[in-house]
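Take a look at the structure below.
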Amino acid sequence: MTAHHNFWDTAAGRNPKIDGYNSRVHMFNNYWKNITYFAISASDGAEVLVENNYFENSAKPHWNQGSGYFSASGNIYTGRSATDQYRDSGATAFSDVQLYPYRLDSANTLGSQVDGGTGPQ
């Protein structure tokens, strides 16, 4: 599964929770703001590739809930996110597959990109 250019604002639960050895999720160019519980969690062998996301005042930006695998790069962490100890990474996700073509936007520009496209238009 791929999730990109999404905006999660002031949420506690109901954020991406990836579970199980057959689960693989690519999360790129998403914006999490004021998340009180977790932004992304993985467990039971799930693999998550987290690229160029923006975490603002978000607890547990990418949280290994037990034997999950996070490969994270290019992300920005501000406020609470910058000091939160639950930013797991260092694992290799998707090492056995060729990913589809995609373009990463700068994480610095995500606020205006995704926030401007949410809500009533």
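No lab work stands behind these numbers, since they all come straight from the coordinates. Every value quoted in this text rests on a predicted model; they were computed, and no experiment measured them. Cβ sites come from the backbone with ideal geometry, for glycine too, and all protein chains shown count toward neighbours.
Things worth noting here:
- With the highest mean first, a sort of the peptides 29-39, 84-94 on other beta-carbon atoms found within 10 angstrom per residue produces 29-39, 84-94.
- Cut-off 19 Å (backbone N to label point 7 Å along Cα→Cβ of Lys17), residues of segment 63-77: 63-70
- Counting 0.36 nm for each residue step from Thr78 to Ala3 and taking away their Cα separation leaves a gain of 24.9 nm.
- Between Asn75 and Asn52, Asn53, the built amide H atoms are under 5 Å apart, and every one of these is 5 or more places off in sequence or on another chain.
- Considering the chain at the alpha-carbon level, its Rg and Dmax are found to be 13.5, 41 Å.
- Shown is the FRET efficiency for Asn108 and Ser43, computed with R0 = 35 Å from the Cβ-Cβ distance and rounded to the nearest 0.05: 0.70.
- Each helix, a run of at least 4 DSSP H residues, gives -39500 (n - 2.57); summed and divided by the residues of the chain, these come to -1500 deg cm²/dmol at 222 nm.
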